[in-house]
Number of protein chains: 2
Amino acid sequence: MASDHDLVDVLRAVADPIRLRIVQTLADGRPHGKCGTHWDFGVHKSTMTHHFRILREAGLTRTIVTGRSHSIQLCREELDARFPGLIDALTAGPDRETHR
Amino acid sequence: MASDHDLVDVLRAVADPIRLRIVQTLADGRPHGKCGTHWDFGVHKSTMTHHFRILREAGLTRTIVTGRSHSIQLCREELDARFPGLIDALTAGPDRETHR
DNA sequence: CGGACTGTTGGATGTTCGTCATACCGTCAG
DNA sequence: CTGACGGTATGACGAACATCCAACAGTCCG
């Protein structure tokens, strides 16, 4: 039952265009910087912080702080253990354009 | 790209405790009645209508009208085709109590 | 026909959410 | 130390959302 609650949290976190894209990009398992370089969604800096926070609080990502640059990484193992197949389903879009 | 848009719609539809439960229950492929008998969430009748509408408009379910009783059914084939593994991931919860 | 049953429609309401702008804080280079 | 850089915190605001209530509409039974 607690799993249902968590699942809803994860789904809510992922039910947003920007956050879904972030998760899809992070699905390669490697950490990505939070810097505006990679994430050009045309939204304000603090908005990205907001989205990163939602993802982190839903248990989807962890943040790695190195000096003044933060990196974000998907918690693949935990997620695959708790919600098997979920991340795959989110990333393996039907006609998902590979890169860019 | 259109798939991403649709995926977000599906996720948003499913990112609600009541609607997630509905989808999980419907996952057996059989049609279930909309009657209050099966769905006892303690919410108002019209609220259920609202949730059913969201699910239908997200392309998750179809409604079968028979006389004065409506039945609802999950669009398994379409969903498995467009978002392979998604429904499985939603229903195969980690410690989801086997049945009942 | 007239009423019970099943479900929908159309407000109304309080809450959550996404976004922005500004101010703030830690880190690194000179 | 001072200033630039990378992120965070806080507050505001409009849109979307979940919920309820009352009224309505189609179907079946007597």
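The values are calculated or read from the model by the stated rules, or taken from the named source; none is laboratory data. None of the values given here were measured: they were computed from a predicted structure. Note that we place each Cβ from the backbone using ideal geometry, even for glycine, and neighbour counts take in every protein chain shown. Heavy atoms of the whole protein, side chains included, go into the accessibility calculation; ligands, DNA and RNA do not. Shrake-Rupley method; radii C 1.70, N 1.55, O 1.52, S 1.80 Å.
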Which trypsin sites (Lys or Arg not before Pro) in the stretch B:40-93 pass both tests, a DSSP loop state and at most 15 other beta-carbon atoms within 10 Å?
B:Arg68
Taking the alpha-carbon distance from A:Lys34 and a cut-off under 30 Å, which lysines remain once sequence neighbours fewer than 8 residues away in the same chain are dropped?
A:Lys45
Let's test this: bin the Cα-Cα distances of the stretch A:2-91 at 10 Å from zero up to the farthest pair and state each bin's percent.
16, 55, 25, 4
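What's the magnitude of the charge dipole for chain A around its Cα centre, counting Lys and Arg as +1 and Asp and Glu as -1 at the beta-carbon? Answer in Debye, nearest 20.
520
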Estimated 222 nm signal from helices in chain A, with DSSP H stretches of n ≥ 4 weighted -39500 (n - 2.57), rounded to 500:
-14500 deg cm²/dmol
D (Stokes-Einstein, µm²/s), Kirkwood Cα radius, the protein assembly as shown, 1.002 mPa s at 20 °C
119
Interface A/B, total buried accessible area with a 1.4 Å probe, nearest 100 Å²?
2000
How crowded by other chains is A:9-20, given as the mean number of beta carbons from other chains within 10 Å of each beta carbon?
4
